[in-house]
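What follows is calculated from the coordinates using simple rules that are stated; it is not laboratory data. Because the structure is a prediction, the values reported are computed rather than measured. Heads up, the Cβs are rebuilt from the backbone with ideal geometry, glycines too, and the neighbour counts pull from every protein chain shown.
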């Protein structure tokens, strides 16, 4: 699922640049945002910048998340970078694209503190070419619309 971040309430955003534009299979990206306001509902997502050297239409990620209270969650997620006809999706030029993916929507933390996200590419390739950067972002979630019939 592609998602465009609107910067309407970005609370955290940081990324890793790949100088050689290669993401090695053993290179785990670690993000450690701190969320203090537990009354806030947030969305968590990732962004990827790649170029035409990226050889696939998708990206598998292995994601481990540790919450401030020490609970662990592990996910394996597939994101798409191209349409079925091979046309790149996302924003950018014919040579470079940036995609924004929603990872979790409407998250409300039970305790304040540091989250730890560990992300590894899962493409069964020692070096994944064409990856320029990978980022984690957290934004304020939009308030749900009132659906009452009053």
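Overview of results
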{"quantity": "The chain - Rg over Rh from alpha carbon coordinates, Kirkwood radius", "calculated": "1.00"}
{"quantity": "Computed FRET value (nearest 0.05) for residue 91 with residue 12, which takes r as the C-beta separation and R₀ as 22 Å", "calculated": "0.60"}
{"quantity": "Cα→Cβ-extended label distance, 7 Å offset, between residue 39 and residue 108, nm", "calculated": "1.2"}
{"quantity": "Packing-based order for 129-136, 54-61, using average beta carbon neighbours within 10 Å, highest first", "calculated": "129-136, 54-61"}
{"quantity": "Contact order normalised by residue count of the chain, Cα under 8 Å, 6+ apart, percent", "calculated": "47"}
{"quantity": "Gained length - residue 19 relative to residue 82, 0.36 nm times residue gap less alpha-carbon distance", "calculated": "20.3 nm"}
